[in-house]
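First comes the structure, then the notes that go with it.
The values are calculated or read from the model by the stated rules, or taken from the named source; none is laboratory data. Model, not experiment: these values are computed from the prediction. Virtual Cβ from ideal backbone geometry, glycine too; neighbours counted across all protein chains shown. For the accessible areas, the whole protein counts, side chains as well, though only heavy atoms, and no ligand, DNA or RNA atoms are used. Shrake-Rupley method; radii C 1.70, N 1.55, O 1.52, S 1.80 Å.
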Amino acid sequence: MEELLEQLYKESSSIKHAFIKESSLKAKEILESQANLMKCPPYDLRATCMKPLQEALETKNSRMVTLAISGFHKLLRDNQFYSDYEEPDESKWLPSQLLAVLQTLPTYSEDIQVELLK
């Protein structure tokens, strides 16, 4: 996941994508720091990592969208984003967080929609 966030960071070199650069750097720093990983509950870690992915999707730049889709696939396969218990607040559950991030799904092309739903 760290490599993907690094790629997003590099791809967002223009000023209009500075928000992606900032959020991907923050997520990458958390993932690389063992102390931060231990303090950060999985729902916060997911939210932090989903933010740059969502922002990359919203740019509709083909390279950024491809990276975002790859990021979502990695996030769903990585055990560090899962927990043995779920919070009482349903908005912090993985499915709820994913649905919140993908609420703009109907605005994307069919190819992107299919890839995201896979």
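Overview of results
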| item | result |
| --- | --- |
| Scan of segment 62-79 for residues that are open to solvent by 60 Å² or more (accessible area, probe 1.4 Å) and either farther than 21 Å from GLU3 by Cα or among the polar types (S, T, N, Q) (or both), ordered by number | SER62, THR66, ASN79 |
| Filter pass, ALA18 being on the phi < 0 side of the Ramachandran plot and either free of Cβ contacts under 8 Å to residues at least 12 places away in the same chain or open to solvent by 90 Å² or more (accessible area, probe 1.4 Å) (or both) | yes |
| Residue that is surrounded by the fewest Cβ atoms within 10 Å (Cβ to Cβ), among those in segment 103-117 that are in contact (Cβ under 8 Å) with a residue 24 or more places away in the chain and outside any helix (DSSP H, G or I) | THR104 |
| Total residues in segment 33-66, condition at pLDDT 90 or above and charged (D, E, K, R) | 5 |
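Listed here are the residues, each with its yes/no results for (1) open to solvent by 40 Å² or more (accessible area, probe 1.4 Å); (2) in contact (Cβ under 8 Å) with a residue 12 or more places away in the chain; (3) of a type in the set (S, T, N, Q); (4) not in a helix (DSSP H, G or I).
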site: LYS28; (1), (2), (3), (4): no, yes, no, no
site: ALA47; (1), (2), (3), (4): yes, yes, no, no
site: LEU57; (1), (2), (3), (4): no, yes, no, no
site: ASP84; (1), (2), (3), (4): yes, no, no, yes
